[in-house]
Amino acid sequence: MPKTILTVILAVCAAASLNAQDGFVAKWQKRASETQSKQPSWSVPLVSPYPMLIQVFRTDVTRQITPTLTSTWNYGASRGLNLIPGFNSEFDFYYPPYIQHNSTAKDGFGDVGFLYKYRFLSANEKSGNYMLSGQLVATIPTGSYSNGSTDASVSPTLLAGKGFGRFDVISCLGATLVTADTTKLGRTVAWNTTAQYHVGKYFWPEIESNASYFFGGKNDGKSQNFLTPGVTLSKLKFHPNDPHSRPGLALGGGMQFATSKFHTYNHNLVITARLVF
């Protein structure tokens, strides 16, 4: 076969492959936009789970101060890649966070996690401004040097929210259930509630209540609660003049403060960065 003909064939095949890839990405993005158009455009809270379906790559950094004044940094904070394949669903992959203890404990990586979320009901701000979803999180004990759990776990959660103009309330109730003997690790029920208000075009000041109730394990019968004031920003679009462009950056920060007598840490700085696409 002449070299020029082979070159043309290879070029055509490459162009066809690129067109197929572009077509797949364009259809995926269009489907994600259509899915999100049917839900309120509330901001994702700093700490609490949320009923919205989002498509981002998220990384958080936290700094906990324990009752013994030990400072523990968590780079990643069990966040990661969130995808909307359509079908009122979201799939997440949580990469293992890196934990720096600043004590005699060994630093290392935490556990890998996965999430599936299904949105049962939703209406955007023009049609009712509410949402109801359910999700299931699974973790695998991949942590090093006791920086993760000794056993796998699953965490079913029910998530709901209602908006009132620029104000909205999100509340989530779930439990962490280990797959092995619970006498050592126990079970934890988590109840998170977030109130947020949309100020101007970008700002979302919020206050969260993050409560945990322990059943079994070393903290059996105890409970703890934190209040988390903070602020998040709406997506800062990379191409603001294109109404159909999705990519952008969302940021936020806040501080958790222990409000219960028992607490595993005193306060916790939370910083979040989210690449929206």
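Here, each number is a calculation from the coordinates, and none is a lab measurement. Source: prediction; values computed, not measured. Positions of Cβ are generated from backbone atoms using ideal geometry, with glycine treated the same way; all protein chains shown enter the neighbour counts.
Magnitude of the Cβ-charge dipole of the stretch 185-277, K/R +1 and D/E -1, about the Cα centre, nearest 20 debye?
Numbers: 9 positive and 4 negative charges, 26 e Å.
Using only the charged Cβ atoms, the result is roughly 120 debye.
If you place +1 on the Cβ of every Lys and Arg and -1 on the Cβ of every Asp and Glu, how big does the dipole about the Cα centre of the chain come out, in debye to the nearest 20? Walk me through the numbers before you get to the answer.
Values: 24 positive and 15 negative charges, 85 e Å.
Charge dipole, the chain, about its Cα centre: 400 debye, nearest 20.
Starting from 0.36 nm per residue, how many nanometres of slack lie between Tyr75 and Ser245 once their C-alpha separation is accounted for? Walk me through the intermediate numbers first.
Working: separation 170, 0.36 × 170 = 61.20 nm, distance 2.96 nm.
In short, 58.2 nm is gained.
Place a +1 charge on the Cβ of each Lys and Arg in the stretch 80-142 and a -1 charge on the Cβ of each Asp and Glu, then give the dipole magnitude about the Cα centre in debye, rounded to the nearest 20. Show your work: numbers first, answer last.
Working: 4 positive and 5 negative charges, 28 e Å.
The calculated dipole for the stretch 80-142 is roughly 140 debye.
Bin width 5 Å, origin at 0, all Cα-Cα pairs of the stretch 207-251: what percent of pairs per bin?
5, 17, 13, 10, 9, 9, 10, 9, 8, 5, 4
What does the helix-only formula give at 222 nm for the chain: each DSSP H stretch with n ≥ 4 adding -39500 (n - 2.57), the total divided by the residues, and the result rounded to the nearest 500 deg cm²/dmol? If you can, show how the numbers build up before the last one.
Working: 2 runs with 38 residues, N = 277.
Rounded to the nearest 500, the figure is -4500 deg cm²/dmol.
Assuming 0.36 nm per residue, please report the length gained on full extension of the stretch Ser41 to Ile207 beyond their Cα-Cα distance.
Numbers: separation 166, 0.36 × 166 = 59.76 nm, distance 1.78 nm.
Separation in residues times 0.36 nm, less the Cα-Cα distance, equals 58.0 nm.
Treating the stretch 167-277 as a set of equal point scatterers at the Cα positions, no solvent, please give the Debye-formula log₁₀ I(q)/I(0) at q = 0.10, 0.13, 0.15 Å⁻¹.
Rounded to two decimals, the profile gives -0.42, -0.65, -0.78.
Under 16 Å from a label point 7 Å along Cα→Cβ of Ser103: give me every residue in the stretch 244-277 with its amide N that close.
Under cut-off, by backbone N: 263-269.
Report, by chain and number, residues whose modeled amide H sits under 5 Å from the one on Asp168, excluding near sequence neighbours (fewer than 5 apart, same chain).
Amide H neighbours of Asp168: Gln196.
Would you mind checking the radius of gyration and Dmax of the chain based on alpha-carbon positions, in Å?
Computed over the Cα atoms of the chain, radius of gyration and Dmax are 21.5, 81 Å.
Quick one: Karplus J couplings for the stretch 92-99, per residue in order, coefficients 6.51, -1.76, 1.60, θ = phi - 60°, nearest Hz, x for Gly and Pro?
Ordered by residue, 3J(HN,Hα) equals 10, 10, 9, 6, x, x, 9, 10 Hz.
Using a Förster radius of 22 Å, what is the FRET efficiency between Val154 and Thr183 based on their Cβ-Cβ separation? Nearest 0.05, please. Intermediate values should be presented prior to the final figure.
Working: r = 18 Å, r/R0 = 0.82.
Approximately 0.75, to the nearest 0.05.
Largest first and in whole Å, what are the equivalent-ellipsoid semi-axes of the stretch 164-219 based on the Cα gyration tensor, each being the root of 5 times an eigenvalue?
Numbers: eigenvalues 243, 16, 14 Å².
Here the semi-axes work out to 35, 9, 8 Å.
Measuring from label point to label point, each 7 Å out along Cα→Cβ, what is the Ser223 to Phe257 span in nm?
Once both label points are built, they end up 2.1 nm from each other.
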